[in-house]
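S.K.: Before we start, here is the structure in question, set down as structure tokens.
The values are calculated or read from the model by the stated rules, or taken from the named source; none is laboratory data. Everything numeric in this text was worked out from a predicted model, so none of it was measured. Because the Cβ atoms are built from the backbone with ideal geometry, glycine has one as well, and the counts that use them run over all protein chains shown. Note: accessible area is taken over every heavy atom of the protein model, side chains too, but ligands, DNA and RNA are not part of it. Shrake-Rupley method; radii C 1.70, N 1.55, O 1.52, S 1.80 Å.
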Amino acid sequence: AQKIKRIMDFFRGYAEGAFAGDEIVAKEDYEASVATDYRLKHDKAIALPKSNVLSFTFASGNRLFLRPSDTEPKIKFY
């Protein structure tokens, strides 16, 4: 559980830049209820229930979601 928390905290702190060679253009943190657009330098509130989920949007149009499993000791990447 602690390792999963450290991994989520690491990605939660991940900001502008690239991941796997693809530029990150936006990040949504559903636990903090904040969506950040790095190109526009703008934050906005997420109007959904809080959940320990992160989403990254890349310049290529690809998206990555991270979510700890509720039933198993692992993180799911979508």
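S.K.: Pull up segment 2-28, narrow it to residues that are part of a loop (DSSP other than H, G, I, E, B) and open to solvent by less than 70 Å² (accessible area, probe 1.4 Å), then point me to the one that is nearest to K76 (Cα to Cα).
M.R.: Taking the candidates together, the pick is Y14.
S.K.: Can you tell which of F19, F65, F58 is hydrophobic (A, V, I, L, M, F, W, C), within 24 Å of K5 (Cα to Cα) and at pLDDT below 95?
M.R.: Within the list F19, F65, F58, the selection yields F19.
S.K.: Tally up the residues in segment 48-78 that are more than 19 Å from A18 (Cα to Cα) and of a type outside the set (S, T, N, Q), please.
M.R.: Here the count works out to 12.
S.K.: How about segment 35-55: which of its residues are within 15 Å of I7 (Cα to Cα) and either touching a Cys at 6+ places or on another chain (Cβ under 8 Å) or open to solvent by less than 50 Å² (accessible area, probe 1.4 Å) (or both)?
M.R.: Passing the criteria: V53, L54, S55.
S.K.: Which is of a type in the set (S, T, Y), without any contact (Cβ under 8 Å) to a residue 24 or more places away in the chain and part of a strand (DSSP E or B), of T36, T71?
M.R.: T36
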